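*Asks:* Structure provided below as structure tokens; questions to follow.
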Amino acid sequence: MRRRNIFNLCIQITILAVLAFLYGLSLYADMPRYWETIAVSALLTVLFGAACIRVIPVLSSAAMGEEEQRLKREGDRTFRRCGTRELFKLFLLILAVRLLEFPLTYIVHFRLFGYTGTFFEIQRLWLDFYHPEAAFPLYGYLSYIFWIFTLNFNHARFLGSYFFTALAVVALYYLVQQDYDRKTARRSVRYFLLMPFSLVLMATVPDGLFLLFSILCLLFLRKRMFPLANLFAMLAVLTSAQGVLLFFPIVFAYVSYLIGNARFDRERGKGYGWRQAGNVLSMLLIPVGIVLVLLYALLRFGDPYSLYRASVGSNIVGMSDLFRFTDAAFDQTLIVGNHSGAILAGTYLTEAVYLVFGIVMLLLSVDAIPGSYTLLMAVTLPMLVAVGRTSDAARIITMTAPFGIALAVRIRKRWVDAIVTLLLAAGWVAYFFAFVAGYTGGIE
């Protein structure tokens, strides 16, 4: 135990030193224009450093196969199985709730701009986000299934997003219900649907499909079905560049599984070696997905790296452009800046709030969720900063399911749940108005 504590301390000191060095380097390479940017970015760096201090011992314990003792099933969980009928009812309910966004879109648009088109013409607001030159292949191809009902590819992609998102939320409910009680699962669904950026998943974006595949990956990871987890991770890689990050929790969970078996001599027996060979080979599915994306981009655009370049932005030139804690998009404030207050609130303020939310969830939930979830959160935040995409914080954090799960797990008291629900609902309404008014800056 003492050796492990010393090891954890060394890792913590190393991470903090590297974090301080990178932050100082980012300031030296590109000094922000406004002092408020320095203050906010410094606060985020300190919070992330504190989260790393908490994360390391928990991940170390989980890696040693001790996660089962830490994750006790609490609350009023009934051990009645979550059946198909329950999930189908939830699926229909989510579809019905999401339909309410159509009349609300028309009402808000009419209130802001007056009569500019019919009910259906206004709904075109949701159809302008698909860019073939930046879209990973799977979302477009799977959406073709819905062309049978729409006879229009753009409408087919919209219908696909509508159903993919509903399926993703159902999968989220089932995933949370595996480890916690039904109240927590329902809370996770409610919080996700009320998170401001989740409303944009109705548009022609691949985010809902990616969320579905990533949640299914985490689900089979929890069930120790590694080939299926890797299969859905590969599908996530074919849907979004963010899918590459699923490799980290998969490897972590598998190593933890092997160490736990070795330490406690469990799940060993005839055929164990062959099963592990299959598990190890399945780890190649994610690299295969990356190769398929590169091949698709080469055949269609003549440049194998075009899709990944479009995903991380063309502003990455060299190492000096990495880990820019104060990128240009973040260097805007409500106090001083060259944009209107409405645009600032709809873009930069929203992204800053999501960044703070993500780091705080990582800080507060490391001992309440599985280690693989914690690791996914821990690698998502620095990668978000590393490629200078803090302006995509809302989108990326929304697409990373453990952030929402962590919030649902931590909230237990009814009055706290009520306050959080009201705050999320207020944020959702405000972001909806900003989205319809065009103050959110669009989706890349």
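The values are calculated or read from the model by the stated rules, or taken from the named source; none is laboratory data. Bear in mind that the values here come from a model prediction, so they are computed numbers and not experimental data. Positions of Cβ are backbone-derived with ideal geometry, glycine not excepted, and every protein chain shown enters the neighbour counts. What goes into the accessible areas is simple: the full protein's heavy atoms, side chains included, and nothing from ligands, DNA or RNA. Shrake-Rupley method; radii C 1.70, N 1.55, O 1.52, S 1.80 Å.
*Asks:* Looking at Ala39, is it at pLDDT below 70 and open to solvent by less than 60 Å² (accessible area, probe 1.4 Å)? Let's see the steps before the verdict.
*Replies:* Values: at pLDDT below 70: no; open to solvent by less than 60 Å² (accessible area, probe 1.4 Å): yes.
Against the criterion (at pLDDT below 70 and open to solvent by less than 60 Å² (accessible area, probe 1.4 Å)), Ala39 does not qualify.
*Asks:* State which residue is nearest to Cys52 (Cα to Cα) when the search covers only the stretch 371-388 and only residues that are at pLDDT below 85 and either in contact with a strand residue (DSSP E or B) (Cβ under 6 Å, 6 or more places away or on another chain) or open to solvent by less than 20 Å² (accessible area, probe 1.4 Å) (or both). So that I can check it myself, show each step before the final result.
*Replies:* From the stretch 371-388, those at pLDDT below 85 are 371, 381-388; that's our starting set.
Next cut, either in contact with a strand residue (DSSP E or B) (Cβ under 6 Å, 6 or more places away or on another chain) or open to solvent by less than 20 Å² (accessible area, probe 1.4 Å) (or both) only: 371, 381, 384, 386, 388.
Numbers: Gly371: 13, Leu381: 11, Leu384: 16, Ala386: 16, Gly388: 20 Å.
Per the stated criteria, the residue is Leu381.
*Asks:* Looking at the stretch 281-313, which of the residues that are in contact (Cβ under 8 Å) with a residue 12 or more places away in the chain and of a type in the set (Val, Ile, Thr) is surrounded by the most Cβ atoms within 10 Å (Cβ to Cβ)?
*Replies:* Among those residues, the one meeting the criterion is Val293.
*Asks:* Restricting to the stretch 405-430, what's the tally of residues that are open to solvent by 20 Å² or more (accessible area, probe 1.4 Å) and either assigned to a helix (DSSP H, G or I) or at pLDDT 90 or above (or both)?
*Replies:* Total satisfying the criteria: 18.
*Asks:* Any idea which residue in the stretch 81-108 is modelled with the lowest pLDDT, counting only those that are open to solvent by 30 Å² or more (accessible area, probe 1.4 Å) and of a type in the set (D, E, K, R)?
*Replies:* Arg81
*Asks:* Next question. What are the pairs with Cβ atoms under 6 angstrom where one residue, in the stretch 251-270, is among the acidic types (Asp, Glu) and the other, located anywhere, is outside any loop (DSSP other than H, G, I, E, B) and modelled with pLDDT under 80? Sequence gap at least six, or different chains.
*Replies:* If the second residue must be outside any loop (DSSP other than H, G, I, E, B) and modelled with pLDDT under 80, the pairs left are Glu267/Asn261.
*Asks:* Does any residue of the stretch 10-24 turn out to be surrounded by 14 or more Cβ atoms within 10 Å (Cβ to Cβ), more than 25 Å from Ala352 (Cα to Cα) and at pLDDT 70 or above?
*Replies:* yes
*Asks:* Identify, by number, the condition in (1) over 30 Å from Asn154 (Cβ atoms); (2) at pLDDT below 90 that Ala229 doesn't meet.
*Replies:* That leaves (2) as the condition not met.
*Asks:* Restrict the check to the stretch 147-170 and report whether at least one residue is in contact with a Cys (Cβ under 8 Å, 6 or more places away or on another chain), under 24 Å from Gly358 (Cβ atoms), part of a helix (DSSP H, G or I) and modelled with pLDDT of 90 or more.
*Replies:* Within the stretch 147-170 (the criterion being in contact with a Cys (Cβ under 8 Å, 6 or more places away or on another chain), under 24 Å from Gly358 (Cβ atoms), part of a helix (DSSP H, G or I) and modelled with pLDDT of 90 or more), the answer is no, since none of the residues qualifies.
*Asks:* Also: Just to verify a result, which residue in the stretch 178-198, among those that are of a type in the set (S, T, N, Q) and buried (at least 21 other Cβ atoms within 10 Å of the Cβ), is modelled with the highest pLDDT?
*Replies:* My answer is Ser188.
*Asks:* Restricting to the stretch 199-233, count the residues that are open to solvent by 10 Å² or more (accessible area, probe 1.4 Å), farther than 16 Å from Val244 by Cβ and part of a loop (DSSP other than H, G, I, E, B).
*Replies:* The total comes to 3.
*Asks:* Consider the stretch 234-253. How many of its residues are open to solvent by less than 20 Å² (accessible area, probe 1.4 Å) and in a helix (DSSP H, G or I)?
*Replies:* 7
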